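**Student:** I have a structure here, written as structure tokens, and I will follow up with some questions on it.
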Amino acid sequence: KETGELAGDIGVRILEQDARQAVIGFTVAPAYWRKGYAVEAITALLEFLFEDIDLHRISADCDTENTGSWRTLEKAGFRREAYFVESFPMGQKYGSEYYYGMLQREWRARKSAG
């Protein structure tokens, strides 16, 4: 806050075919990695989406080689649902993805347990 420097961003896209589902994504500047900011931001967004907007399900995906991203999603309470091998083009090669999901009832159970 003191410097006004951007630490990262977080976004949400409500699904057109089902307005009670959304996909989230985030990025964190390297200077702010491993400080808990991403988990804090994701947790605040989940609170808003599940409690204020009353969404049913939220999903996210990340490159399997991006250990920081998938660990962040897991720390925030997401469950790994799928592993897609070489599913998206990255220049001359293909990258693999992990898909994560969380249901509103899982969020509430985690929140009440914590």
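The values are calculated or read from the model by the stated rules, or taken from the named source; none is laboratory data. Nothing here was measured: the structure is a model prediction, and the numbers come from that model. Note that we place each Cβ from the backbone using ideal geometry, even for glycine, and neighbour counts take in every protein chain shown. Calculation scope for accessible area: heavy atoms of the full protein, side chains included, ligands and nucleic acids excluded. Shrake-Rupley method; radii C 1.70, N 1.55, O 1.52, S 1.80 Å.
**Student:** Cβ contacts < 9 Å: first residue within 20 Å of A76 (Cα to Cα), restricted to the range 15-38; second residue basic (K, R) and exposed (fewer than 12 other Cβ atoms within 10 Å of the Cβ), any location; separation 6+ or different chain. Result?
**Tutor:** Note: pairs meeting the criteria are A22/R13; V23/R13; I24/R13; G25/R13; V28/K35.
**Student:** Tell me, which residue of the range 86-114 that is within 20 Å of L15 (Cα to Cα) and aliphatic (A, V, I, L, M) is most open to solvent (accessible area, probe 1.4 Å)?
**Tutor:** Top of the filtered list is L103.
**Student:** If I ask for residues that are in contact with a helix residue (DSSP H, G or I) (Cβ under 9 Å, 6 or more places away or on another chain) and touching a residue at least 40 places away in the same chain (Cβ under 8 Å), which ones from the range 48-68 would you list?
**Tutor:** Answer for the range 48-68, where residues must be in contact with a helix residue (DSSP H, G or I) (Cβ under 9 Å, 6 or more places away or on another chain) and touching a residue at least 40 places away in the same chain (Cβ under 8 Å): F50, D54, L55, H56, R57, I58, A60, G68.
**Student:** Continuing with the same structure: Among the numbered criteria (1) among the hydrophobic types (A, V, I, L, M, F, W, C); (2) within 12 Å of the chain's Cα centre (by Cα); (3) closer than 22 Å to A113 by Cα, which one does A22 miss?
**Tutor:** (3)
**Student:** Right, something else. What is the one condition in (1) out of contact with any Gly (no Cβ under 9 Å at 6 or more places or on another chain); (2) open to solvent by 90 Å² or more (accessible area, probe 1.4 Å) that T67 does not satisfy?
**Tutor:** For T67, the failing item is (2).
Here is a yes/no grid of residues against (1) open to solvent by 70 Å² or more (accessible area, probe 1.4 Å); (2) among the aromatic types (F, W, Y):
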| residue | (1), (2) |
| --- | --- |
| G25 | no, no |
| V28 | no, no |
| Y32 | no, yes |
| Y37 | yes, yes |
| L46 | no, no |
| I58 | no, no |
| E74 | yes, no |
| F84 | yes, yes |
